[in-house]
Amino acid sequence: MKYSPNLQRIPGDLDTHAEELLHSRGRLSERDRLALGRYGYRMQTIALRERSPELLRRGLLAMALGVEEGVDDPRDTMIGLSLPHVVAGMLGMSPAELFAGVAAELPDGSTKDLLLQFGARDGIGLRSFGWELVDTPDGPDFTVGPGW
């Protein structure tokens with residue numbers, strides 16, 4: 001099965017809501033988590049296209065805030081976290097510093113710990129986490145890699 005690139009596949013209709021959630025930090029509903037997750041994935045591509053460390057940071061923060069402590073499988077979360085890890089390197093940033101900075105904004109818990117550990121890892125690649133970088137008419141994007 002061939003997947004469309006993320007920006008074609010993941011709607012941006014909840015981006016404004018996700019931006020609001022980045023500042024509110026209240027209790028999250030399922031709709032809130034959906035908005036944060038979609039926004040987080042979309043921002044990885046937009047950050048790469050615009051070469052924007054700030055968009056990358058906001059996307060990673062959205063991904064982290066959207067994780068439901070004690071419920072989400074950390075292996076699934078790491079699949080998503082591989083994108084900002086790789087994009088950070090593509091932008092000439094230290095993934096460890098990016099992830100530590102975002103982790104500092106989170107409450108103590110398993111998500112914060114995961115960001116610190118995963119951000120410090122070496123050898124994170126797109127293919128090993130099921131992603132592929134593709135060229136589109138609008139610029140680079142990510143899609144699910146072959147065989148996933």
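The values are calculated or read from the model by the stated rules, or taken from the named source; none is laboratory data. The shown structure was predicted, so the numbers you read here are calculated from the model rather than taken from an experiment. Counting neighbours? That spans all protein chains shown, and the Cβs are built from the backbone with ideal geometry, glycine included. The area values use the complete protein model at the heavy-atom level, side chains included, leaving out ligands, DNA and RNA. Shrake-Rupley method; radii C 1.70, N 1.55, O 1.52, S 1.80 Å.
Tabulated values for the structure
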quantity	calculated
Cα centre as origin, Lys/Arg/Asp/Glu Cβ charges: the chain dipole, Debye	200 debye
Label-point separation, A96 to A120 (7 Å along Cα→Cβ), nm	0.8 nm
Net dipole in debye of the range 1-41 [+1 Lys, Arg Cβ; -1 Asp, Glu Cβ; about Cα centre; nearest 20]	220 debye
Selection from Q117, P146, S128 lying farthest towards where the dipole of the range 107-148 points positive, charges on Cβ	Q117
Distance in nm between pseudo-label sites at D108 and I79 (7 Å out along the Cβ direction from Cα)	3.2 nm
Highest-fluctuation residue, G123, G109, G37 considered, GNM on the chain with Cα pairs under 10 Å	G123
Under 16 Å from the D15 label point (7 Å along Cα→beta-carbon), backbone N, the range 22-49	22, 35-49
Accessible surface of the chain [probe 1.4 Å, protein heavy atoms]: carbon and sulfur percent	52 percent
Longest segment of the chain lacking trypsin sites (Lys or Arg not before Pro) that sit in a DSSP loop with at most 14 other Cβ atoms within 10 Å	52-120
Solvent-accessible surface ranking, highest first, for D73, D15, D141, D108 at 1.4 angstrom	D108, D73, D15, D141
Max mean-square fluctuation residue, GNM over the chain, Cα-Cα springs under 10 Å, options G80, G130, G66	G130
S128, S52, ranked by accessible area, largest first (probe 1.4 Å)	S128, S52
Exposure rank, largest accessible area first [V71, V87; 1.4 Å]	V71, V87
Paramagnetic label zone (point 7 Å from Cα along Cα-to-C-beta, Y3; backbone N under 20 Å) in the range 118-142	124-142
Length-normalised contact order of the chain in % [C-alpha pairs under 8 Å, at least 6 apart]	24 percent
